[in-house]
Amino acid sequence: GIEFIDSFFFNKVEDIRFNSTVGRYVGYTEHGVKNAEAWNSDAGILGQEQAELERVCKHNADLHYSAILDKT
């Protein structure tokens, strides 16, 4: 399967991360935890991350998979 991770950093410290396997944001700092709670309750924000998974990851995975099959 494909896992999409979208990380946000502040002062070189990972603050919050969206993980497509979990399907939600996880906060790693006090500020990140507060944002994760807010962002996880917003269907629009979660929908944007899911759309990125479809647009970027699955599209590119299909291209690479096809290229590999063509060579075998």
| request: Using a 1.4 angstrom probe, figure out how much accessible area the chain has per residue, in square angstrom, rounded to the nearest whole. | output: 73 Å²
| Highest-MSF residue in the chain out of G23, G32, G47 [GNM, Cα springs under 10 Å] | G47
| By how many nm would the segment from N11 to V33 lengthen if fully extended, with 0.36 nm per residue of separation less the alpha-carbon distance? | 6.3 nm
| request: Run down the lysines and flag those whose C-alpha is under 27 Å from the C-alpha of K34, throwing out any fewer than 8 positions away in its chain. | output: K12
| Computed over the chain: relative contact order in percent, which uses C-alpha pairs under 8 Å that are six or more apart | 21 percent
| request: Please give the calculated 222 nm ellipticity per residue for the chain, where each DSSP H segment of at least 4 residues contributes -39500 (n - 2.57) and the sum is spread over every residue; nearest 500 deg cm²/dmol? | output: -14500 deg cm²/dmol
| task | Give a quick list of trypsin sites (Lys or Arg not before Pro) in region 4-63 that DSSP marks as loop, anything other than H, G, I, E or B, with at most 11 other Cβ atoms within 10 Å. | result | K12
| task | First select every other residue whose beta carbon is under 13 angstrom from the beta carbon of S20; then total the charges, Lys and Arg +1, Asp and Glu -1. | result | -1
| remark: Of the accessible area of the chain, computed with a 1.4 Å probe and all protein chains kept, carbon and sulfur make up a percent value of 55 percent
| said: For the chain, set up a GNM with springs between Cα atoms under 10 Å and report which of D15, D42, D62 has the largest fluctuation. | reply: D62
| said: Within region 1-44, name every residue whose backbone N is under 20 Å away from a label modeled 7 Å from Cα of L69 along the Cβ vector. | reply: 1-3
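The values are calculated or read from the model by the stated rules, or taken from the named source; none is laboratory data. A quick note: this is a predicted structure, and the numbers were derived from the prediction, not measured. We place every Cβ from the backbone using ideal geometry, glycine too, and count neighbours over all the protein chains shown. Side chains included, ligands, DNA and RNA excluded: accessible areas come from the protein's heavy atoms. Shrake-Rupley method; radii C 1.70, N 1.55, O 1.52, S 1.80 Å.
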